[in-house]
1. Can you work out ³J(HN,Hα) from phi for every residue in the stretch 102-113, in order, using Karplus 6.51 cos²θ - 1.76 cosθ + 1.60 and θ = phi - 60°, giving whole Hz and x for Gly and Pro?
2. Using 7 Å Cα-to-Cβ label points, what is the D36/N261 separation (nm, one decimal)?
3. Could you order peptides 100-109, 150-159 by the average number of other Cβ atoms within 10 Å of their residues, highest first?
4. Report the full-extension gain for the segment A285 to T151: residue separation times 0.36 nm, less the Cα-Cα distance, to one decimal in nm.
5. Sequence gap at least 6, Cα distance under 8 Å: using those rules, report the relative contact order of the chain to the nearest whole percent.
6. If I model a spin label as a point 7 Å beyond the Cα along the Cα-Cβ vector, how far apart are those points for A221 and T86 in nm?
7. Output wanted: per-residue J couplings in Hz (rounded whole) for the stretch 125-137, from phi through Karplus 6.51 cos²θ - 1.76 cosθ + 1.60, θ = phi - 60°, x for Gly and Pro.
8. Order the peptides 239-251, 27-39, 81-93 from the highest to the lowest mean number of other Cβ atoms within 10 Å of their residues.
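Just so it is clear, none of the values below were taken in a lab; they were calculated from the coordinates. The structure displayed is predicted, hence computed values, not measured ones. Cβ coordinates were reconstructed from backbone atoms using ideal geometry, including for glycine residues, and neighbour counts include every protein chain displayed.
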Amino acid sequence: MRRARRRRIRRYRARILGFRLRASTESVGAADANADPTSLITVAKGLRVHVVTAQPNAGANIDQMALWPNDQNPTHLIVANEEGTTRPGVQRIRLSDGLVETILTGTTSGDPIRRTPWGTILFGEENGTTGWLIEIADPLHTTNVLFDRTTGASSDPAHVIARPAPGRLAFEGIALYPSGVMYYGDENRPGAATPGGAYYKFIPTTPWNGQQGIANSPLVAGTVYGLRLGKNGAAPGTDNGQGTQTGLGTWVFVTNAPNANLRAAAATLHLTGYYRPEDSEIDPAALADGKVRFCGNNTGNEATDHDWGETICITDGTLTQALANTAVPKCSSWCSAPPTSR
């Protein structure tokens with residue numbers, strides 16, 4: 001059954017995804033790619049590709065992006081740049097002409113970026129145990145703000161505010177729900193100290209009140225829990241670790257104090273680990289049905305381990321149950337990627 005599903009995915013992925021990567025026998029050199037970036041990708045019939053910007057001040061390592069002000073009629077891209085503190089951390093790109101302007105500098109390894117239901121931008125650093133989560137108001141008019149990674153303060157505290165309540169880690173995937181309940185992963189690989197990157201859940205002390213603006217952000221304070229799969233035995237389950245990467249589990253209390261080192265807690269609390277969790281996205285159909293389901297990619301290690309990565313999906317009951325933390329979380333493997341399907 002699984003093999004048949006993989007064959008169907010390979011056969012129809014261009015129709016499903018709208019594009020296909022070039023085969024490994026085809027190559028585009030740097031000079032050709034710079035001259036015509038559209039040569040790097042072949043899209044399905046009916047789709048077109050164009051370059052959003054080629055401005056020299058654009059970040060050299062742009063990662064995740066958010067459409068602004070909405071998905072239906074965006075005017076800008078708000079982008080994270082995965083470079084160091086002297087380079088732009090967050091920029092806006094005007095879609096009409098490719099104009100690039102810097103919103104924030106002073107950050108390092110910018111990666112996840114999300115548009116919040118209350119009308120701000122949420123941005124995270126993928127930086128070991130010290131990554132910051134930062135919230136930005138009015139991203140079209142907030143310009144050249146400097147962030148201090150040591151203190152967590154910004155040169156414009158009315159528009160750029162650090163959010164230490166969800167803890168500190170290498171932020172990557174973020175699944176943010178309207179109440180302010182947030183699920184996120186630590187991009188960490190397995191090692192002697194931890195079994196890999198864990199997934200966390202933040203429940204705000206005060207859920208979002210439905211009003212717009214950074215003053216109404218529910219990310220000010222709350223409680224952090226970590227995902228531990230395996231419910232067999234005495235609560236929260238004596239079966240945990242390798243062999244229980246999927247199935248039912250428990251949200252284990254981690255902390256309600258700000259600036260917590262969540263990676264250290266993963267080892268202490270025996271949280272379930274994965275190989276470098278990457279981006280996560282909310283299932284819109286489940287959300288429309290009032291339920292929590294998000295899916296994320298765990299990178300794996302192709303070159304050294306031939307560990308080809310995987311996509312997992314996590315459910316957490318209804319939106320009401322997720323906020324009350326009364327559901328039993330479940331993790332399912334949606335798709336693994338052996339070399340024959342890549």
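1. Each residue of the stretch 102-113 in turn: 8, 8, 9, 10, x, 8, 9, 6, x, 9, x, 8 Hz.
2. About 5.3 nm separates the two model spin labels.
3. Numbers: 100-109: 22.1, 150-159: 13.8.
Going from most to least packed, we get 100-109, 150-159.
4. Details: separation 134, 0.36 × 134 = 48.24 nm, distance 4.03 nm.
Here the segment from A285 to T151 would lengthen by 44.2 nm.
5. On the way: 841 pairs, mean separation 35.1, N = 342.
Relative contact order comes out at 10 percent.
6. 4.1 nm
7. Each residue's phi maps through the Karplus curve to give 9, 8, 9, x, 9, 10, x, 8, 10, 10, 10, 10, 9 Hz.
8. Descending mean neighbour count gives 81-93, 239-251, 27-39.
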